[in-house]
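Chemist: Here you go, one structure.
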Amino acid sequence: MLKNKLTVKILVFLVFSDILETFTQFCFKKGALNAASLDVNNLAGLSLFLKAVFSSGFIWIGIFSVIFTFIIWSTILSKIELSVAVPIASFSYILVPLVSVVFLHEKISLLRWAGIIFILAGVIVVSKSSHEKEGA
């Protein structure tokens with residue numbers, strides 16, 4: 001049985017996992033932008049798209065970041081329960097849009113920010129309800 005004790009070390013791993021997840025998404029987006037103008041409606045177009053994407057250094061950095069994130073996430077899950085880890089690791093819901101605005105110059109509407117806040121509120125409610133169930 002796993003302990004629910006959230007140590008400083010595990011919390012640091014969770015924060016680092018969120019930062020890595022955000023970095024991964026940023027790399028995949030930057031890599032995909034290299035092929036944004038290509039048409040993927042036929043096999044030849046798809047082939048050119050894949051060639052453009054996989055020739056991007058950002059894609060390869062993103063792939064290695066996924067592997068590293070997997071190792072960190074597996075370590076976290078070996079120490080605490082999934083129902084504890086996921087709500088804490090949900091800050092990427094905020095980090096990804098922030099990185100998108102700052103580094104990719106994307107526009108995020110007020111309505112979308114409101115949706116992000118509602119998602120985070122839902123994560124908190126689910127997290128709290130699982131802790132109440134454990135106490136019963």
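Chemist: Past the 21 Å Cα-Cα mark, which pairs from Lys29/Lys79; Lys9/Lys79; Lys9/Lys29; Lys51/Lys107?
Modeler: Cα-Cα > 21 Å for Lys29/Lys79; Lys9/Lys29; Lys51/Lys107; rest within.
Chemist: Sticking with this one: Tell me the relative contact order for the chain as a rounded percent, counting alpha carbon contacts under 8 Å between residues six or more apart.
Modeler: Value for the chain: 33 percent.
Chemist: Separate question: Mind checking the angle between helix 43-54 and the chain's longest principal axis? C-alpha axes, 0 to 90 degrees, to the nearest 10.
Modeler: The helix 43-54 is inclined about 60 degrees to the chain.
Chemist: Pulled fully out, how much extra length does the chain show between Phe70 and Ser109, if you take 0.36 nm times their separation in residues and subtract their Cα-Cα distance?
Modeler: Extra length available between Phe70 and Ser109 comes to 10.9 nm.
Chemist: Per the helix-only calculation at 222 nm, which mean residue ellipticity applies to the chain, given -39500 (n - 2.57) for every DSSP H run of n ≥ 4 and division by its residues, nearest 500 deg cm²/dmol?
Modeler: So the helix-based figure for the chain works out to -26500 deg cm²/dmol.
Chemist: Give the angle, between 0 and 90 degrees and rounded to the nearest 10, that separates the Cα long axis of helix 8-33 from the longest principal axis of the Cα atoms of the chain.
Modeler: For helix 8-33, the angle is close to 20 degrees.
Chemist: Determine, for each peptide in 55-61, 14-20, the mean count of other beta carbons within 10 angstrom over its residues, then list the peptides with the highest first.
Modeler: 14-20, 55-61
Chemist: Can you give me the orientation-averaged projected area of the convex hull built on the Cα atoms of the chain, in nm²?
Modeler: Computing the convex hull of the Cα atoms and averaging its projections yields 10.7 nm².
Chemist: Still on this model: For Ser47 and Ile94, what does the FRET efficiency come to when R0 = 30 Å and r is the distance between their Cβ atoms, rounded to the nearest 0.05?
Modeler: 0.20
Chemist: Give me the angle, in degrees from 0 to 90, between the Cα long axis of helix 57-79 and the longest principal axis of the Cα atoms of the chain, rounded to the nearest 10.
Modeler: It is inclined by approximately 10 degrees.
Quick note: the coordinates plus some simple rules give every number you see, no bench work behind them. Being a predicted model, the structure only gives us computed values, none of them experimental. In this analysis, Cβ positions are derived from the backbone assuming ideal geometry, glycine residues included, and neighbour counts consider all displayed protein chains.
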